[in-house]
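Reviewing the structure listed below.
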Amino acid sequence: MRRALEAGIGCFNVESEAELDVLDAVACDMGVRAPVSIRVNPNVDAKTHPYISTGLKGNKFGIAHERVVDTYRHAAACRGLSVAGIDCHIGSQITDPGPYLDAMDRVLDLVEAIEAAGVPIRHVDFGGGLGIDYADDAPPAADHLWQLLLARMDARGHGHRKIFIEPGRSLVGNAGVCLTEVLYLKPGEHKNFLIVDAAMNDLPRPAMYEAYHRIVPLQPSPAEPRTWDVVGPVCESGDWLGRDRDLAVQPGDLLAVLSAGAYCMSMASNYNTRGRAAEVLVDGDRTRLIRQRESVADQLRLERGLS
């Protein structure tokens, strides 16, 4: 909080009343006022995976709908805080505009109630969550969704307010791939396993969310097509990248796991003492190494002996 205030942060999005009080104390100690936007929980179902749904009453995020007005009154009374706006984010990988519009109506209802209580609201931060096409998903185009939201703002008489939107995954998700090499083919009685050198530490979404990523070979193969579970070498049954994929491959072939530009490297880890992969930026016909592959020495660098 101190570093953000020193840097002149535009706004803190605050998740709880306890966090408001801590921020107020820090700002008062520094002799400044912290701009705040309170994240509200509109109790709207984003109709996405439960682990990335963040706008329902049972989720840990934001201030409960019925507590919002009192929380804004409290924030406005804190001498170290300056109320700037209201914030909402209902989930990720959303492909239906309906939940966005439902949440916007609930947020605008709250804006009207907050201002009726004497607390002005300058901006609405509507978060993000717009999905991408992983497996024949059909999310609305970003510009179409923004037009729907802006039209709803205008229709409700709030078109004069500044609005923030966080497009996130929709910008970068399909701009990245995870390249991996086929190590072994392991046919079985019930399942055929295709073992690659990428794993759940490199691309965690399938293990965490049972997420689907298309997997395509980079070259034709003389092998006969078979149905494979594409798995990594980590000692976990959850270490899989794709299930029941029809692929014609042999050891040494390269595969591209698509749609890896969001929530893959950012969630990658050194689990099983595996170094994180190199990252290469492709710009037309040019390539540039932008993150070096990690070594064992990189992982041990911060460790200290007992003597």
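Regarding residue 228, is this residue under 18 Å from residue 191 (Cβ atoms), surrounded by 17 or more Cβ atoms within 10 Å (Cβ to Cβ), touching a Pro at 6+ places or on another chain (Cβ under 7 Å) and aromatic (Phe, Trp, Tyr)? So residue 228 does not fit the description; no. Right, residue 72: crowded, with 22+ Cβ neighbours inside 10 Å and more than 23 Å from the chain's Cα centre (by Cα) or not? Answer is yes for this residue. Taking the criterion of being within 30 Å of residue 89 (Cα to Cα), surrounded by fewer than 20 Cβ atoms within 10 Å (Cβ to Cβ) and of a type in the set (D, E, K, R), the only residue of the range 164-208 that qualifies is 166. For the range 75-112, the set of residues classified as within 20 Å of the chain's Cα centre (by Cα) and polar (S, T, N, Q) consists of 92, 93, 95, listed by residue number.
Applying the set (1) part of a loop (DSSP other than H, G, I, E, B); (2) farther than 19 Å from residue 275 by Cα to residue 234 leaves exactly one unmet item: (2). Contact map, the range 104-119: first residue assigned by TED's automatic domain parsing to the domain that holds residue 36, second residue modelled with pLDDT of 95 or more and among the hydroxyl-bearing types (Ser, Thr, Tyr), Cβ cut-off under 7 Å, separation 6 or more or different chains; pairs are 114/72; 117/72; 119/72. Please work out if residue 211 is surrounded by 14 or more Cβ atoms within 10 Å (Cβ to Cβ), part of a loop (DSSP other than H, G, I, E, B) and either assigned by TED's automatic domain parsing to the domain that holds residue 294 or modelled with pLDDT of 90 or more (or both). Taking the combined requirement at face value, the residue satisfies it. Considering the range 128-142, the residues that are aliphatic (A, V, I, L, M) and out of contact with any Lys or Arg (no Cβ under 9 Å at 6 or more places or on another chain) include one that is surrounded by the fewest Cβ atoms within 10 Å (Cβ to Cβ), namely 138.
The values are calculated or read from the model by the stated rules, or taken from the named source; none is laboratory data. Please read all numbers here as calculations on a predicted model, not as lab measurements. All Cβ positions, even for glycine, are placed from backbone atoms using ideal geometry, and neighbour counts span all protein chains on display.
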